[in-house]
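Report on the structure given below.
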Amino acid sequence: MPVPLLDLRAQHARIRDNVVSAMLQVVEDQAFILGKPVVEFEKEIAALSHTRFAIGCANGTDALLLALRALDIGAGHEVITTPFTFFATAGTIHNSGARPVFADIEPDTFSLNPAAAAAAVTSRTRAVMPVDLFGQIAPLERYHEAMPRVPLIEDAAQSIGARRSFDGEWTMAGERATIGTFSFFPSKNLGGYGDGGMIVTQDEKLATRLRRLRTHGAVKSYVHEEVGYNSRLDAIQAAVLSAKLPFLAEWSAARRAHAAVYDAAFADLSGIQTPAIDAANESIYNQYTIRTERRDALQAHLTSKGIGTAIYYPIPLHLQQCFAYLGYKAGAFPESERASKEVLSLPVYPELTSVQQDEVIEAVRSFFR
Ligand SMILES: *Cc1c(COP(=O)(O)O)cnc(C)c1O
């Protein structure tokens, strides 16, 4: 039996009644843009994230772009980020008019290296944009210590509901940043039935500005103090996401349980490194990403056995053709480059059965035997 990397149909089968009735309600109301379902979902995400404000928008990419714009970042400015992430992280910096400045990652957690990020600060730096990659929060307090005056945009697209302990207390993804961003792309832990995004902040002025920017910069209808965007969350998506949210904690716990099973099953294999979770973190395992020097051969082996895998991410962003103008060369960020050659994500979705997981484990073990 093939094992897919992700099985959204299995998830839908379980929540079908909740989700379909929530969608139908929006259809009956015929109010599709923003409105009550969005306001309610924003409140739920603010509560989950321990933030004062949450602002729904069209997708996780726009959430980053709106965050940059709300901080008045644009031409002549620099934003420090990681080259080992999904494209949107750096793409939005470029699209804001600012210059993406890359710094290398920590080899174990894949998080932006705080010392490397601090070393990249110049008089033009306006923000640092770490990524909570694969489900665990980046070491936010360390960026803050290293560059206390630099605003922090936390790209938490892959990490909604992830926790990190500070001084013995749990804090949530998005809680400690100047602005935090989430994506509801269907493959994220909380996925919509289409695109969706959210921005969270503790700062009322930023929240007001973000709300304005998502509706063409209008303070009220047809009155524009600045040029913004059309980046709103659909009511149907908000209704779906509110219906799914009560399951999120359980789904993330199921992912953690699967991760623990893999960790134990692979512990004696010298050829692979299982994911390193920072001791302060509780990951939501958006991905279970192993490392091995024989990555391509392992992936081919698993494919031949019908097991779905993926490489996140095969080309670090400083080596993408579109960023050639930034002038980075191969070798600039050795940890990111090595990670891109060694990582492989295995199926870890909540509905993965133990029979399926045993198949994955057996296939991986047979490769290294
Ligand atoms: C998914 C993702 C985004 C973009 O989200 P979309 O909703 O697809 O626009 C941004 N950053 C990271 C790290 C992501 O994984």
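The values are calculated or read from the model by the stated rules, or taken from the named source; none is laboratory data. Note that the structure is a prediction, hence the values are computed from the model and not measured. We place every Cβ from the backbone using ideal geometry, glycine too, and count neighbours over all the protein chains shown. When the accessible area is computed, the model is the full protein with side chains, heavy atoms only, and any ligands, DNA or RNA have been set aside. Shrake-Rupley method; radii C 1.70, N 1.55, O 1.52, S 1.80 Å.
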**Prompt:** Can you name the number of the only condition in (1) touching a helix residue (DSSP H, G or I) at 6+ places or on another chain (Cβ under 8 Å); (2) under 25 Å from Pro130 (Cα atoms); (3) polar (S, T, N, Q) that Gln25 fails?
**Reply:** (2)
**Residue match in region 274-297 (condition: loosely packed, with under 14 Cβ neighbours inside 10 Å and at pLDDT below 95)** = no
**Asked** Quick check: is even one residue across region 146-153 assigned to a helix (DSSP H, G or I), touching a Pro at 6+ places or on another chain (Cβ under 7 Å) and either among the aromatic types (Phe, Trp, Tyr) or modelled with pLDDT under 95 (or both)?
**Response** no
**Asked** Any chance region 229-248 includes a residue that's open to solvent by 70 Å² or more (accessible area, probe 1.4 Å) and assigned to a helix (DSSP H, G or I)?
**Response** yes
**Message:** If I ask for residues that are open to solvent by 40 Å² or more (accessible area, probe 1.4 Å) and in a helix (DSSP H, G or I), which ones from region 334-365 would you list?
**Reply:** Pro334, Glu335, Arg338, Lys341, Ser354, Val355, Asp358, Glu359, Glu362, Arg365
**Message:** Tell me yes or no: at least one residue of region 58-75 is free of Cβ contacts under 8 Å to residues at least 24 places away in the same chain and β-branched (Val, Ile, Thr).
**Reply:** no
**Message:** Anything in region 249-271 that is among the acidic types (Asp, Glu) and in a helix (DSSP H, G or I)? List them, or say none.
**Reply:** Glu250, Asp263
**Request:** Scan region 8-20 and report the pairs whose first residue is more than 19 Å from Pro347 (Cα to Cα) and whose second residue is open to solvent by 50 Å² or more (accessible area, probe 1.4 Å), with Cβ atoms within less than 6 Å and a gap of 6+ or a chain change.
**Result:** none
**Request:** Test Leu298 against the criterion of being touching a Phe, Trp or Tyr at 6+ places or on another chain (Cβ under 8 Å) and part of a helix (DSSP H, G or I), and give yes or no.
**Result:** yes
**Message:** Just to verify a result, which residue in region 110-154, among those that are open to solvent by less than 10 Å² (accessible area, probe 1.4 Å) and of a type in the set (Asp, Glu), is farthest from Pro100 (Cα to Cα)?
**Reply:** Asp132
**Message:** Restricting to region 61-87, name every residue that is part of a helix (DSSP H, G or I), open to solvent by 10 Å² or more (accessible area, probe 1.4 Å) and within 10 Å of the ligand (Cβ to nearest atom).
**Reply:** Thr61, Asp62, Leu65
**Complete:** Out of (1) touching a Gly at 6+ places or on another chain (Cβ under 7 Å); (2) among the small types (Gly, Ala, Ser); (3) under 23 Å from Val19 (Cβ atoms); (4) open to solvent by 10 Å² or more (accessible area, probe 1.4 Å), the one Ser49 does not meet is (4)
**Fill in**
Out of (1) within 16 Å of the ligand (Cβ to nearest atom); (2) closer than 23 Å to Ala119 by Cα; (3) among the small types (Gly, Ala, Ser); (4) surrounded by fewer than 21 Cβ atoms within 10 Å (Cβ to Cβ), the one Ala177 does not meet is (4)
**Message:** Among the numbered criteria (1) in a strand (DSSP E or B); (2) within 15 Å of the ligand (Cβ to nearest atom), which one does Asn189 miss?
**Reply:** (1)
